[in-house]
1. With the cut-off at 1.5 for a/c, could you classify the stretch 175-277 from its C-alpha gyration tensor as rounded, prolate or oblate?
2. Based on the mean of other Cβ atoms within 10 Å per residue, sort peptides 190-203, 62-75 so the most packed one is first.
3. Considering the values (1) 25.5, 81; (2) 23.8, 98; (3) 22.9, 70, which represents Rg and Dmax of the Cα atoms in Å as calculated for the structure under consideration?
4. Full extension from Asp256 to Thr72: what is 0.36 nm times the residue separation minus their Cα-Cα distance, to one decimal in nm?
5. If packing is taken as the average number of other Cβ atoms within 10 Å across a peptide's residues, how do 167-180, 209-222 rank, most packed first?
6. Can you tell me how much longer the chain between Asp61 and Thr159 gets when fully stretched, taken as 0.36 nm per residue apart minus their C-alpha distance, in nm with one decimal?
7. Report, by chain and number, residues whose modeled amide H sits under 5 Å from the one on Thr163, excluding near sequence neighbours (fewer than 5 apart, same chain).
8. For the chain, calculate the relative contact order in percent as a whole number, restricting contacts to Cα pairs under 8 Å that are 6 or more residues apart.
Amino acid sequence: MKGITVIKGLVLLSMLGGLLTFFSKTINHQSSDSTSQYATSLAATPLIMVPGTDATVNRFDSLIDSLKKKITDIDVVKIEVKTDGTLKVEGTMSAKTNHPIFVIGFEDSSDQTLAKQSGWFQQALQYIQTRYQIKTYNYLGHSNGGLVITEYLENQTTTNDPTLGKLMTLGTPFNDVSFDYNEKEDTFDQPKVVSEQFASYLKKNNQIPEGIQMINVVGKVAGTYSDGVVPITSVLAGKLLYNNLASYQELIITEDSQHSALVQNEKVQKTIESFFW
């Protein structure tokens, strides 16, 4: 009888183990499909913000807080792309919000990974498209964040990606940050010397969709020819890349115009409101 009891116990344990395995597989399967199950169609075109070198997804917090004082229905989701391609997602997004904002940052946002960042951006963009059913988006890039979108438009875009409608870049060093490449001038005609990176952009700028509307924001610190980091003419060189757009404008900021301060600048904030919303 004891032998029979032991056998019955083993059978029960085997059955219980099978059930646990079944439920485990079911839970994992449901988890992997959660994005499609809970997809939400946004009512408004989202604004995607991407910071520059060594900045995190919190880079635009002060800007967003200032915008929220004037606009009540702003929802924010932050997405950090890890170096292994996984995503860390924080925040909630209502389908009814008229001002959806996504901040995309990178675990490694160093200058050395700039080309990779455009691919990581594309991964995050695909997640947003699948999760929120977007067809178009607008983009705000500070510093190298403007180079991320340039790299993406020229090298990473797929036919399934949503369409970029409006683009604003803040203090973006299109032709490097050194005066070895840039004139000490307030206006721009041609580069002093074309940097290797800028040359690679110029070769492929025919890949940039013509329907984009763009504002290129330049900071000028008094008594200098830069925003304290990026030469004015390097930022203005962006017109050579984006010269075939539906609309291209330049905005020169002369107060609170230091490179890192551009995202808090009151004139920039008003331009964001009027341009995107």
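1. Oblate is the answer for the stretch 175-277, as a/c is 1.5 or above yet b/c matches or exceeds a/b.
2. 190-203, 62-75
3. For Rg and Dmax of the Cα atoms in Å, the calculated option is (2).
4. 63.7 nm
5. 167-180, 209-222
6. Length gained, Asp61 through Thr159: 32.1 nm.
7. It is Thr136, Tyr137, by chain and number.
8. 16 percent
Rule-based calculations on the coordinates, nothing more; no lab input. None of the values given here were measured: they were computed from a predicted structure. Because the Cβ atoms are built from the backbone with ideal geometry, glycine has one as well, and the counts that use them run over all protein chains shown.
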